[in-house]
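Trainee: To start, I am sharing the structure in question, which I have written as structure tokens.
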Amino acid sequence: MPKELSLDQLRKVCRPEEFDLTDTGQLPGLSEMIGQDRALRAIDFGVGTKSHGFNIYVVGPSGTGRMTAIKSILERTAREMPVPDDWCYVNNFTNPNRPRAIRLSPGKGCALQHDMDELIRDLRSEIPKAFEGEEYEKQKTRIVEELRAQEIELLARLEAEAREQGFGLQRTPEGLITIPMWQGRLMSPEEYNALPPDEKTAMNERHKQMEGRLNEVIRGVSRAGKEVKRRLQDLDQRIARAAVAHLIGDVKDKYAAFPDVLTYLNDVEDDVVGNVQDFRADQEQAAPPLPGLPPIPDGSRFDRYNVNVIVDNTRLAGTPVIVERNATYFNLIGRIEHRALFGTLTTNFSMIKAGALHRANGGYLVIEARDVLTSSFTYDALKKTLENSEIRLEEPGEQYRTIATVSIEPEPIPLNVKVVMIGSPQIYHLLLAYDEDFHTLFKVKADFAVDMDRTPQSMNDYALFIAGRCSEEGLRHFDSSGVAKVVEYGSRLSEDQTKLTTRFMDIADIAREASYWASRNDHALVTGSDVQKAIQEKIYRSNMIEERLQQLMADGTIMVDVTGAVEGQVNGLSVLDMGDYVFGRPSRITVRTFTGQSGVVNIEREVKMSGRIHDKGVMILAGYLGGQYAQDQPLTLSASVTFEQLYEGVEGDSASSTELYALLSSLARLPINQQLAVTGSVNQRGEIQPIGGAIYKIEGFFDVCKAKGLTGAQGVLIPHQNVKNLMLREDIVEAVRQDLFHIYPISTIDEGIELLTGVPAGERGPDGHYPEDTVHGRVERRLRDIQERL
């Protein structure tokens, strides 16, 4: 018979005297992450290596300090590295749909933007002045007068030729025309019609010749006008270039070390000279484009000379560490904005907005895997960006459009960034299995553990962590009893006496709640009772469903026997996880055996209410029965197994030993003690295997027994491997102390069936059979009877 557990085995108590402190106010606080050596080493390696593809994927549940550790390491590393360059987009005067990217030293981007704004202001002031001088007017007048003189000369020659041919020139709204003359005056239509036919014919021939000559003169005048216009433009450009050269030359001297800027300034100079009329206008607002519409600001004509600084690292001290909390496509890659103008959407280089990758360029970017994967086009865009080491701004989903739209295509920006992606293990393994590019881009895995060893050092680290939270958040400090209770709470969360949870979010929350209850109780320091109160209140806020189920069991609505003995019936234990709260639920498991050849029928499986693991556990029962009783005879039986009053699905194999006990009880026709509940998995050899949630299962059955009345003989059978997982409530420990409740560690089915029935399990004798007064002997005889009847 197994020996029940002692008090020390039920809960590993942390005593206040284990801490050499009066209160946590004496402690400095925790300076670094604890319990995550494996993950921290991986992050250090990923941050330190500069090779392509060594981005970091951080694995682990929330609350383990992932973000805190990552930011701390990255910020510490970033401070020791140089500040990356600024990036600007400027107008491409040759191809405006292809804005140019310019790289500048940190702080130079905004300086260039300011210098260009000042340059344009100076040009708008200086260029008009250059055209107000007398010399310009003289040259302009001379060119215009030369044109007029040439026109007069050409027209005078034409008029003389026309008179010799008997024609005169007359100006009309349609231009110059030739009209026949008679006796020094223009001929009227009547006089022309009265001419003899031969004279009229001769005159028409001369008229055609004069019309040709007139057209030649008009073309000559037009060519002269174009030449004058060209000369005036050349004059304007010479004047403008003279006015621009010294102003833009100062800017060129300032940025002589940046070839891209010099090329851009040369293009600006050419564009200013070529569009000097824009600078000669002296109006604050242009005329409205259409009646009834607001006027376009005059300054908008000069927007093409602006500098769009998308990355400004002026204030950085080291490389950037960007944490993007909402990693959508536009927030990550950047976007091109549009403006509505006259019913259409327009855009230009000044509407290019940076994304997180631009801001993190040269440094580190931290993103959530879930955000990237749930935002359309984002993951593919991130992969292409990292693969090509450049940020290319494109409209998302452009390749899926049936009609191409006109937009700008900014020059790509070279990318040098270390990406840290935080996600769950499930996402990591899915990406690893279904995306062949994932492992080439995220070669470093940083796995955050959910627990750490419970040692004097780790318990002291808990005290330091609590001290830090109290100091930073203005909480009341803890005395040694309060710290001890938090340590016990940490072991309970990890469900292991030898471990402490590393989900410091939960530890910080219980510290905050305990501080609140200390203030309610007028305690200067948080004591163990305040921590216990915080834990109880936290449970009370979430355990309404548990209480309802306990009430239903107490009044008999859900039938669970905690007294007496019943054949083929065992109290099984399961766990319900509500997301924010986990509790144990006892269930009645029954087995009926009868003559037949159906084998063991799992009712939950037949109605598709069980999972694969539970089905596997039930099928193992047949293997155990065959190995135990069918060595010299066929295994022939029919049995049905079910969870009574269970209306939701069932999963896991933790009830397989319970079902086997009920099956053996039914075959042996031996009643099982209902004062005991059972949990544990079993293998085909009859060995009990460990299960999860042992704490909650024991507490769930204890609460039912307490509600119906403790008899002093009630208890739970658990796998012996789960003893180290016990961090039971103090009221259960007290009940065990008073001999009102018992917990038995079980190694084999034989140990369990002896406890449950009070009958020896039995060992096979020399003749190959079990003694008839044992459990196995009764089962063997029953199976033989069934076989003979069939």
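The values are calculated or read from the model by the stated rules, or taken from the named source; none is laboratory data. Given the structure is predicted, the values throughout are model-derived calculations rather than measurements. Methodologically, a virtual Cβ is constructed for each residue, glycine included, from the backbone with ideal geometry; neighbour enumeration extends over all protein chains shown. Heavy atoms of the whole protein, side chains included, go into the accessibility calculation; ligands, DNA and RNA do not. Shrake-Rupley method; radii C 1.70, N 1.55, O 1.52, S 1.80 Å.
Trainee: Can you report the number of residues in region 483-510 which are free of Cβ contacts under 8 Å to residues at least 60 places away in the same chain, in a helix (DSSP H, G or I) and either on the phi > 0 side of the Ramachandran plot or of a type outside the set (S, T, Y) (or both)? Full working, then the answer.
Mentor: Step one: of region 483-510, the residues free of Cβ contacts under 8 Å to residues at least 60 places away in the same chain are 486, 489-490, 493-494, 499, 501, 507-510.
Those left that are additionally in a helix (DSSP H, G or I): 486, 489-490, 493-494, 507-510.
In the following step, the residues that additionally are either on the phi > 0 side of the Ramachandran plot or of a type outside the set (S, T, Y) (or both) were identified as 486, 490, 493, 507-510.
Qualifying residue count for the region: 7.
Trainee: Restrict the check to region 325-338 and report whether at least one residue is open to solvent by less than 80 Å² (accessible area, probe 1.4 Å), over 27 Å from R76 (Cα atoms) and assigned to a strand (DSSP E or B).
Mentor: Scanning region 325-338 turns up at least one residue that is open to solvent by less than 80 Å² (accessible area, probe 1.4 Å), over 27 Å from R76 (Cα atoms) and assigned to a strand (DSSP E or B).
Trainee: Check off (1) on the phi < 0 side of the Ramachandran plot; (2) in contact with a Gly (Cβ under 9 Å, 6 or more places away or on another chain) for F377 and give me the number that stays unchecked.
Mentor: The one condition F377 does not meet is (1).
Trainee: Whether any residue in region 283-303 is at pLDDT 85 or above, within 23 Å of Y89 (Cα to Cα) and part of a strand (DSSP E or B) is what I want to check.
Mentor: No, that holds for no residue.
Trainee: Give the residues of region 610-632 that are over 20 Å from S666 (Cα atoms) and either of a type in the set (F, W, Y) or touching a Leu at 6+ places or on another chain (Cβ under 8 Å) (or both), sorted by residue number.
Mentor: Residues of region 610-632 over 20 Å from S666 (Cα atoms): 610-616, 631-632.
The answer is none; no residue qualifies.
Trainee: What do you reckon, is R685 within 17 Å of L625 (Cβ to Cβ), touching a residue at least 60 places away in the same chain (Cβ under 8 Å), part of a helix (DSSP H, G or I) and open to solvent by 50 Å² or more (accessible area, probe 1.4 Å)?
Mentor: On the way: within 17 Å of L625 (Cβ to Cβ): yes; touching a residue at least 60 places away in the same chain (Cβ under 8 Å): yes; part of a helix (DSSP H, G or I): no; open to solvent by 50 Å² or more (accessible area, probe 1.4 Å): yes.
Considered against the rule, which asks whether it is within 17 Å of L625 (Cβ to Cβ), touching a residue at least 60 places away in the same chain (Cβ under 8 Å), part of a helix (DSSP H, G or I) and open to solvent by 50 Å² or more (accessible area, probe 1.4 Å), R685 comes out as no.
Trainee: Looking only at region 479-524, which residues are among the polar types (S, T, N, Q) and open to solvent by 30 Å² or more (accessible area, probe 1.4 Å)?
Mentor: Here is the first cut: in region 479-524, the residues among the polar types (S, T, N, Q) are 480-481, 491, 494, 497-498, 501-502, 515, 519, 521.
Result: S481, T498, S519, N521.
Trainee: With over 30 Å from S62 (Cα atoms) and surrounded by fewer than 17 Cβ atoms within 10 Å (Cβ to Cβ) as the only criterion, which of L552, L625, L576 stands out?
Mentor: Details: L625 fails: surrounded by fewer than 17 Cβ atoms within 10 Å (Cβ to Cβ); L576 fails: over 30 Å from S62 (Cα atoms).
Among L552, L625, L576, only L552 is over 30 Å from S62 (Cα atoms) and surrounded by fewer than 17 Cβ atoms within 10 Å (Cβ to Cβ).
Trainee: Of the conditions (1) β-branched (V, I, T); (2) open to solvent by less than 20 Å² (accessible area, probe 1.4 Å); (3) over 30 Å from I539 (Cα atoms); (4) not in a helix (DSSP H, G or I), V716 fails just one. Which one is it?
Mentor: (3)
Trainee: Which one of I408, I352, I422, I413 is of a type outside the set (D, E) and under 20 Å from the mean Cα position of the chain (by Cα)?
Mentor: The conditions single out I422.
Trainee: Given region 722-790, what helices (runs of 4 or more DSSP H) lie entirely inside it while holding 2 or more residues that are within 26 Å of Q689 (Cβ to Cβ) and of a type in the set (S, T, N, Q)?
Mentor: On the way: elements: 730-737, 749-757, 775-789.
So the answer is none; nothing clears 2.
Trainee: Write out, first by first residue and then by second, each pair whose Cβ atoms fall under 9 Å of each other, whose residues are 6+ apart or on separate chains, and whose first residue, in region 511-539, is touching a residue at least 40 places away in the same chain (Cβ under 8 Å) while the second is β-branched (V, I, T) and open to solvent by 70 Å² or more (accessible area, probe 1.4 Å).
Mentor: Between residues of region 511-539 that are touching a residue at least 40 places away in the same chain (Cβ under 8 Å) and residues that are β-branched (V, I, T) and open to solvent by 70 Å² or more (accessible area, probe 1.4 Å), the close pairs are L525/T22.
Trainee: Also, quick follow-up: Applying the selection to region 142-163, what residues are modelled with pLDDT of 75 or more, open to solvent by less than 60 Å² (accessible area, probe 1.4 Å) and either over 18 Å from Q277 (Cβ atoms) or not in a helix (DSSP H, G or I) (or both)?
Mentor: A149
Trainee: Can you name the helices (runs of 4 or more DSSP H) wholly within region 7-123 that have at least 2 residues being open to solvent by less than 30 Å² (accessible area, probe 1.4 Å) and in contact (Cβ under 8 Å) with a residue 60 or more places away in the chain?
Mentor: On the way: elements: 7-10, 37-48, 66-78.
Where helices (runs of 4 or more DSSP H) fall fully within region 7-123 and carry at least 2 residues being open to solvent by less than 30 Å² (accessible area, probe 1.4 Å) and in contact (Cβ under 8 Å) with a residue 60 or more places away in the chain, they are 37-48, 66-78.
Trainee: If you don't mind, there's one more thing I want to ask. More than 30 Å from H769 (Cβ to Cβ), open to solvent by less than 50 Å² (accessible area, probe 1.4 Å) and in contact (Cβ under 8 Å) with a residue 12 or more places away in the chain: is that true of V650 in this structure?
Mentor: On the way: more than 30 Å from H769 (Cβ to Cβ): yes; open to solvent by less than 50 Å² (accessible area, probe 1.4 Å): yes; in contact (Cβ under 8 Å) with a residue 12 or more places away in the chain: yes.
It is true that V650 is more than 30 Å from H769 (Cβ to Cβ), open to solvent by less than 50 Å² (accessible area, probe 1.4 Å) and in contact (Cβ under 8 Å) with a residue 12 or more places away in the chain.
Trainee: Given the condition modelled with pLDDT of 70 or more and farther than 19 Å from R157 by Cα, answer yes or no: does some residue in region 206-219 qualify? Step through it out loud before you land on a result.
Mentor: Pass one, region 206-219, residues modelled with pLDDT of 70 or more: 206-219.
Retained after the next criterion (residues that are farther than 19 Å from R157 by Cα): none.
The answer is no, given that none of the residues of region 206-219 is modelled with pLDDT of 70 or more and farther than 19 Å from R157 by Cα.
Trainee: So for region 655-665 (the condition being at pLDDT below 95 and open to solvent by 40 Å² or more (accessible area, probe 1.4 Å)), does at least one residue qualify?
Mentor: no
Trainee: Within the bounds of region 704-712, is there any residue that is open to solvent by less than 10 Å² (accessible area, probe 1.4 Å) and part of a helix (DSSP H, G or I)? First the steps, then the outcome.
Mentor: Taking region 704-712 as the starting set, the residues that turn out to be open to solvent by less than 10 Å² (accessible area, probe 1.4 Å) are 704-705.
With the extra rule that they be part of a helix (DSSP H, G or I), the set shrinks to 704-705.
Yes, the conditions are met somewhere in region 704-712.
Trainee: Hey, can you tell me all the residues within region 584-622 that are open to solvent by 80 Å² or more (accessible area, probe 1.4 Å) and of a type outside the set (V, I, T)? Before you say what the answer is, go through the steps one by one.
Mentor: Filtering region 584-622 down to residues open to solvent by 80 Å² or more (accessible area, probe 1.4 Å) leaves 592, 594, 597-598, 605-608, 612-613, 616, 619.
Within region 584-622, R592, F594, Q597, S598, R605, E606, K608, R612, K616, M619 meet the criteria.
Trainee: Go through region 346-464 and tell me which helices (runs of 4 or more DSSP H), entirely inside it, have 2 or more residues that are free of Cβ contacts under 8 Å to residues at least 60 places away in the same chain and open to solvent by 20 Å² or more (accessible area, probe 1.4 Å). Show your work before the answer.
Mentor: Values: elements: 356-360, 369-374, 378-388, 425-434, 438-441.
In region 346-464, 369-374, 378-388, 425-434 are the helices (runs of 4 or more DSSP H) which contain 2 or more residues that are free of Cβ contacts under 8 Å to residues at least 60 places away in the same chain and open to solvent by 20 Å² or more (accessible area, probe 1.4 Å).
Trainee: Quick one: which of A677, A662 is in a helix (DSSP H, G or I) and either closer than 16 Å to Y744 by Cβ or touching a strand residue (DSSP E or B) at 6+ places or on another chain (Cβ under 8 Å) (or both)? Steps first, please.
Mentor: Values: A677 fails: in a helix (DSSP H, G or I).
Within the list A677, A662, the selection yields A662.
Trainee: Could you check how many residues of region 539-549 are surrounded by 13 or more Cβ atoms within 10 Å (Cβ to Cβ) and either hydrophobic (A, V, I, L, M, F, W, C) or farther than 17 Å from F702 by Cβ (or both)? Steps first, answer last, please.
Mentor: Step one: filter region 539-549 for residues surrounded by 13 or more Cβ atoms within 10 Å (Cβ to Cβ), giving 539, 542-543, 545-546, 549.
Retained after the next criterion (residues that are either hydrophobic (A, V, I, L, M, F, W, C) or farther than 17 Å from F702 by Cβ (or both)): 539, 542, 545, 549.
Matching residues across region 539-549 total 4.
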